[in-house]
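Q: I'd like to ask some things about the structure below.
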Amino acid sequence: MEKKNIDWANLGFSYVQTDKRYVSNYKDGAWDEGALISDATVAISECAGVLQYAQTCFEGLKAYTTEDGHIVTFRPDLNAARLHDSCERLEIPVFPEDRFVEAVSETVLANEAYVPPYGSGATLYIRPFIFGSSSVIGVAPADEYQFRVFTTPVGPYFKGGAKPLTIRVSDFDRAAPHGTGHIKAGLNYAMSLYAIVDAHHKGFDENMYLDPATRTKVEETGGANFLFVTKDGKVVTPKSGSILPSITRRSLVTVAKDYLGLEVEEREVLFDEVKDFAECGLCGTAAVISPVGKIVDHGNEICLPSGMTEMGPVTKKLYETLTGIQMGRIEAPKGWIHVIK
């Protein structure tokens, strides 16, 4: 298929409407068969559950063109499983996991002309989401729901190289100890908007959230998990019941162990330990790993010895190996790459 006339190298990380999106509606206790449609607008009641009580959750993943010309997605089964967990926590009817993967594949294939070519640095971002569509005035789950998948081409996250971030320790809490921090609920991100805008106004790139119970342990940022490297090359990732289980972070842990032969610890990480780490990164779908150079705790600066000017050596190896797997340059573990075409 002929590609769209898009300047792939100069795409940003913003919405570009594509031709088709997948829609399925839940009514009378069942999901309908779903279909690809052209209309990008959503028409719902002013009293819809999503508008009144934020009953919505979402996922994010990407489609890539590999070195050998295939169009693939990366571990979509884990996105399906995480959406399942999010739906259960928010009293939303679960969209079947096998149908989720099929819907993603159908939507990508229908928008094949927007999948960036190999080597461009760009990818096709995929956003599946579910929301309460029927009217709700009392505090209760909606009766009807809509599941949608849309796509948008996005540019390389790092333009001109990965420049280390400066982040601050936030005074706000991202999630309650037994709340919704472990699921991908829209409300979690709404709660983080004030904190991230405030951080940007004060010259920081992101927030580091500590655990809300004791404020002594590292949790995550508003949209990414942390990954640390010790001075002797050990990879450490924070473990908590209120951290979103990042698919990228889980994949990096496997890469560290099985591809790079590194020791990995998934455990509680005290904030007091951070000053002793050699490298720090934020991991997620958009950038894979964003290096962190400096963490500021109310005026006290923690400068990571490896990563102040560029991505640290271990972080760089992790980044290059995982992106190599995603792009087909390195053999992937079984089941990681879902071939669409």
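Q: What's the total number of residues in the stretch 93-119 that are assigned to a loop (DSSP other than H, G, I, E, B), open to solvent by 10 Å² or more (accessible area, probe 1.4 Å) and among the β-branched types (V, I, T)?
A: Residues meeting the conditions: 1.
Q: Under the condition of being under 13 Å from Y319 (Cα atoms) and touching a helix residue (DSSP H, G or I) at 6+ places or on another chain (Cβ under 8 Å), which residue from the stretch 251-264 is surrounded by the most Cβ atoms within 10 Å (Cβ to Cβ)?
A: Checked the stretch 251-264; the qualifying residue surrounded by the most Cβ atoms within 10 Å (Cβ to Cβ) is L252.
Q: All but one of (1) within 20 Å of the chain's Cα centre (by Cα); (2) surrounded by fewer than 16 Cβ atoms within 10 Å (Cβ to Cβ); (3) without any contact (Cβ under 8 Å) to a residue 60 or more places away in the chain hold for R89; state the number of the condition that does not hold.
A: (3)
Q: Take the residues in the stretch 45-67 that are among the aliphatic types (A, V, I, L, M) and not in a loop (DSSP other than H, G, I, E, B); name whichever of them is most open to solvent (accessible area, probe 1.4 Å).
A: Per the stated criteria, the residue is L51.
Q: For the stretch 265-284, what are the residues that are open to solvent by 30 Å² or more (accessible area, probe 1.4 Å) and not in a loop (DSSP other than H, G, I, E, B)?
A: Those that are open to solvent by 30 Å² or more (accessible area, probe 1.4 Å) and not in a loop (DSSP other than H, G, I, E, B): E265, E266, R267, L270, D272, E273, K275, D276.
Q: Take the residues in the stretch 1-30 that are polar (S, T, N, Q) and open to solvent by 80 Å² or more (accessible area, probe 1.4 Å), then tell me which one is farthest from L61 (Cα to Cα).
A: Step by step, filter the stretch 1-30, then rank; the result is N5.
Q: Which pairs turn up if I take residues in the stretch 120-144 that are open to solvent by 20 Å² or more (accessible area, probe 1.4 Å) and look for partners that are polar (S, T, N, Q) and assigned to a loop (DSSP other than H, G, I, E, B) with beta carbon separation below 6 Å, at least 6 apart in sequence or on another chain?
A: Close Cβ pairs satisfying both conditions: S135/S45; D143/S134; E144/S133; E144/S134.
Q: Starting from residues that are touching a helix residue (DSSP H, G or I) at 6+ places or on another chain (Cβ under 7 Å) and farther than 22 Å from K234 by Cα, keep the ones in the stretch 317-332 and report whichever is surrounded by the most Cβ atoms within 10 Å (Cβ to Cβ).
A: In this case the residue turns out to be A332.
The values are calculated or read from the model by the stated rules, or taken from the named source; none is laboratory data. Bear in mind the structure is a predicted one, so any value in this text is a computation, not a measurement. Because the Cβ atoms are built from the backbone with ideal geometry, glycine has one as well, and the counts that use them run over all protein chains shown. Side chains included, ligands, DNA and RNA excluded: accessible areas come from the protein's heavy atoms. Shrake-Rupley method; radii C 1.70, N 1.55, O 1.52, S 1.80 Å.
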